[in-house]
Each structure stands twice: as structure tokens, then as C-alpha cells.
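K.L.:
This is the structure I have questions about; it appears just below.
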Amino acid sequence: MLSEPYKIIFRRFINRLTESGLLIISVALGVGAFAAGGTLFVNVVNQNNALLNSPSYKEIVVSTREEKETMEVPVEEKLLNQTAVLTSSDLTAAEMIPSISYSYIMNQSRLRMINEDFQTQRANFTPPTSDTTSDTTTDAVSSDVSSDGATSDMAAPPEDMGTNQIFDEDISTLLEDDSIVLSDEDEVSGYEVTSQFFDAWDLKTEYGSLFSSADYSNTNSLVILGSDFARTLVDDDSQLSSLIGKRLLAMQGYQTIVGILEDTNTDYDYEYFSPYNTDSIEGSTGGLRKMFMNSQLRFSVSDTSELESVSTMLNQWFESEYGEGQVIISNPRVEAEQTVSRNTGISILLLILAISGLFISSVNIAHILLSRTLRMKKHVGILMALGATRRKINELFSIEAICIIAIGTILGVLIALPINNQMQSALNLGISTNWTIFVSALVSAAIIFAFTLIPIRRFDRIKPADAMRVR
């Protein structure tokens, strides 16, 4: 007996195709709006929590680089021996302020890798032969020097090829040494750090160990690798431990690998870390290098409510050491809180609009289904007279509603995906995980189905004779 009712519903869907299509579109728009808005709100909340809980926004940054017009006392107007050059000795400021948990230096660094591609460049390089081109060559090399001291492929490799005995060896010969590791990357970024950096960021090694206290004063070139960078050097994860003790070949010389960090799900996984060597910068050349690298001191505070007071005390300490205006003290959390406030406001507004759109769509869908149900009144009476129970009648209309909602939900997800990606990009949130969109879509589909129960339940108490009476 149930086959005929399903045929009735199917014929009604086909005969009223325009109406059925509008129902599906209404569901798709409602689901798409709510899925995109709900996903954005969830991702904003998650990023806000991650942002404010990040060690980067629980610390005070002390540096010496600032544009002249924005400084109260321009560095350029002071004598060179009065200009601040920050080193690890300045971390003693933390000892004067109990609120500071960790203090460390974190300088950006780069390693230029030596690999088979580099050997090809070296083989194809032809040094200048004419004195008349010396000025031009100098200008060309200078133009290839970036703002952070890194050089381009055209300038740096030829200059260094004759200054390091490593470059005189054939790559194939080096590969025969099991203690040497070559990277496929041309250049890798990283940081020179002091010991408390790892404590402040709660970084631990999966293999090997962190730097010892002696590593920060000796002249050996040591590195700790991020997990993803280390994986580029081996065929599979099971070989990661074999990297410990091996030497990574770079233009700066051999870099001995002493540790591999655990996964952090941050950019640190793709970078390396080397010890900030205080002794190497005491000389005039090293000191000048550090001055232009803009060494930064970072002071972590566990209680973020004390950041302002710590900033004030650090400012007083450095002014007493170097003079007014020589050191710039910044609190990154202020900017982070502004970003959090902006993103939260935008996400709440869009969520309210999405909920409103879902509500309007649900009401319209319920109204259209009610109209369709009333037109089926006579058919329902006939089915009930033939023995169909009210439960079967409700099931019949529920299946129709579920089919319409299912098709509309699929289209809604397809609408929500590009909209969500655009909103994530606009707020610099990155790409969200798809499961959030699917969960939001299922929630919105359940809400719409709840509204469709209103017209479906209309026949719960109706009598077959009344249902068959045509008005």
C-alpha cells in the first residue's frame, strides 16, 4: 500500500517542479549562510584563544631599530658610542623585575644550503675578466643584497665559492661521507636564540637535546631543526633519529645537528635554531653586524595584566643604561587585542545575519510546504480511508521534506565553502577545516526540518471524511 503514496509524492514533486526548485534554493541559501557564518565565528574564537595564549603576546619586545621621524630622540643624532647595541648581557634587566618569567634573544637568521643545484651554478659561473666592469659588478652585487643582509643567487654564491674549502669539493665526493646531509632547499630561515627561548615557548626535542650552556659560548656551528624541516632531509619519519650528530652542509660551513623538535603546528616546524653566541659579537665586526641585524630582547610575563607595568619598568631600566630614545619598548599584545576585538565584532555581526537568513528561509519553507500540504488534503483523506495511519501520513510528508532539505544542504555546503574561504582570507584567519562547515550545515538542516514539522503535524487530528471534503 505504501508504494502508491510514494508515487503520489514523487508526482507532486515533478508536477510542481518550479515550486520544488524554489524550496531547494531556499534551503541552500539558508544552510549556506549559516554554515559560512557559523564556521567563521568558530574559527575566530579559536584563533583569538590561540593568539592571546601565544607566548608572542605575553611578552615585551626591546629593540633599537626605529624610523627617525617616529623616535623622540633620533639615533642618528647621537654619537656612535652612545648608540645602543643590545646583547645577551642586557637580559639581566629581567633580574630586577619579578614579574618576568623568561628573557631571551631571538634574532632572525638564514642558512644558504649547498646542494647539487648550487654545484651547477658554481660550474656555470664565469668571474669578471675586465677591470672596466669592476664598478658595474660592484653595483650589481650591491643591488642583490636584501634588507636583511641576505644575498641573491647571482651575487653571493660566486663571492663565497673561493673563500671556503667546502666549495672546492665535489658534491658527489661529499655524499660519500655518511656524516654529511644535503638539503634540497636553496635557503632555510631560522633564529639565533638564547637558552630561555625554548622554555618560553615550551619547545621540547623529539630526538637529541637542546643546547647546553657551553654551546652558547663555543665556536662550533650547532643547529636544532624543526620537525618538518628535518623530514625533508630523510625518506621517512623512522629515520629522523639518524640525523642527530650529522653535519648539514651550508655556505656558512658545516652545521652539526644536535636536536629535532617535537611538532608544534607553527612556522617553527619549518625552521632551524642556532645558539646566540655572545662571544662572537664582542669584536667590532660582530658588534656592527648585530647592530644592523637589530637584536631584539624578549621578556615573557605569565600574568598578562602586568604587561604595562613591566613595560614601564623596562623602559626606565634601559633609559638609565643607554639614554632616552635609544631603545624601543613595544607590547605586541595591544595590537593583538585590537585584532581580536575587530575580528570578534565582524564575526558576531555576520553570525547574526546568518541566523536571520536561516530563520527567514525556514519560515518561507514552512509556509510553502503548508500550502502544498493543504492541496494534498483530499489525497490524504483517501489514503486514510484506505487504512493509512496518521503516523504513515506524517512519515510520507517527512520523507518529502527530508529529500528537499538533503538536496538543499548539499548545495548549501557548496555555496558556503568559497564564501567561507573568502571571509577567512579577508580576516587573515587562514583556511578553516571542512568539518566545521559540515557540522554547521547539519545544524542548520536540523533547524529547517524542525520548521517543516509545523505543516506535517496538521493532519494529526483530522478525520478522513473532513480530509476528503473539498472546499
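K.L.:
First select every other residue whose beta carbon is under 15 angstrom from the beta carbon of GLU335; then total the charges, Lys and Arg +1, Asp and Glu -1. Let's see the in-between values first.
P.N.:
Working: positive: LYS58, ARG333, ARG342; negative: GLU59, GLU308, GLU337.
With Lys, Arg at +1 and Asp, Glu at -1, the neighbours total 0.
K.L.:
Residues with beta-carbon under 14 Å from that of THR18, excluding THR18: net charge, scoring Lys, Arg +1 and Asp, Glu -1?
P.N.:
Working: positive: ARG12, ARG16, ARG372; negative: GLU19.
Net local charge, THR18 excluded: +2.
K.L.:
Taking 0.36 nm per intervening residue step and subtracting the Cα-Cα distance, what contour gain separates SER179 from ASP267 on full extension?
P.N.:
Working: separation 88, 0.36 × 88 = 31.68 nm, distance 2.72 nm.
Result: 29.0 nm gained on full extension.
K.L.:
For the pair GLU321 and CYS403, how long in nm is the line joining their label points, each one 7 Å along Cα→Cβ?
P.N.:
Each label point is offset 7 Å from its Cα along the Cβ direction, giving 7.6 nm.
K.L.:
Still on this structure: In terms of solvent-accessible area of protein heavy atoms at a 1.4 angstrom probe, what is the ranking of THR87, THR452, THR344, highest value first?
P.N.:
On the way: THR87 20, THR452 0, THR344 45 Å².
The ranking, largest first, comes out as THR344, THR87, THR452.
K.L.:
Which distance in nm do the two modelled labels at ALA446 and SER54 give, with both placed 7 Å along the Cα-to-Cβ direction?
P.N.:
That separation, rounded to one decimal, is 3.3 nm.
K.L.:
Around GLN296, which amide H atoms from residues at least 5 apart in sequence, or from another chain, sit under 5 Å from its own amide H, with H modelled in the peptide plane?
P.N.:
Here MET106 satisfy the definition.
The values are calculated or read from the model by the stated rules, or taken from the named source; none is laboratory data. In this text, all values refer to a predicted model and were calculated from it rather than measured experimentally. Note that we place each Cβ from the backbone using ideal geometry, even for glycine, and neighbour counts take in every protein chain shown. Each accessible area value is taken on the protein alone, full model and side chains, heavy atoms only, with ligands, DNA and RNA left out. Shrake-Rupley method; radii C 1.70, N 1.55, O 1.52, S 1.80 Å.
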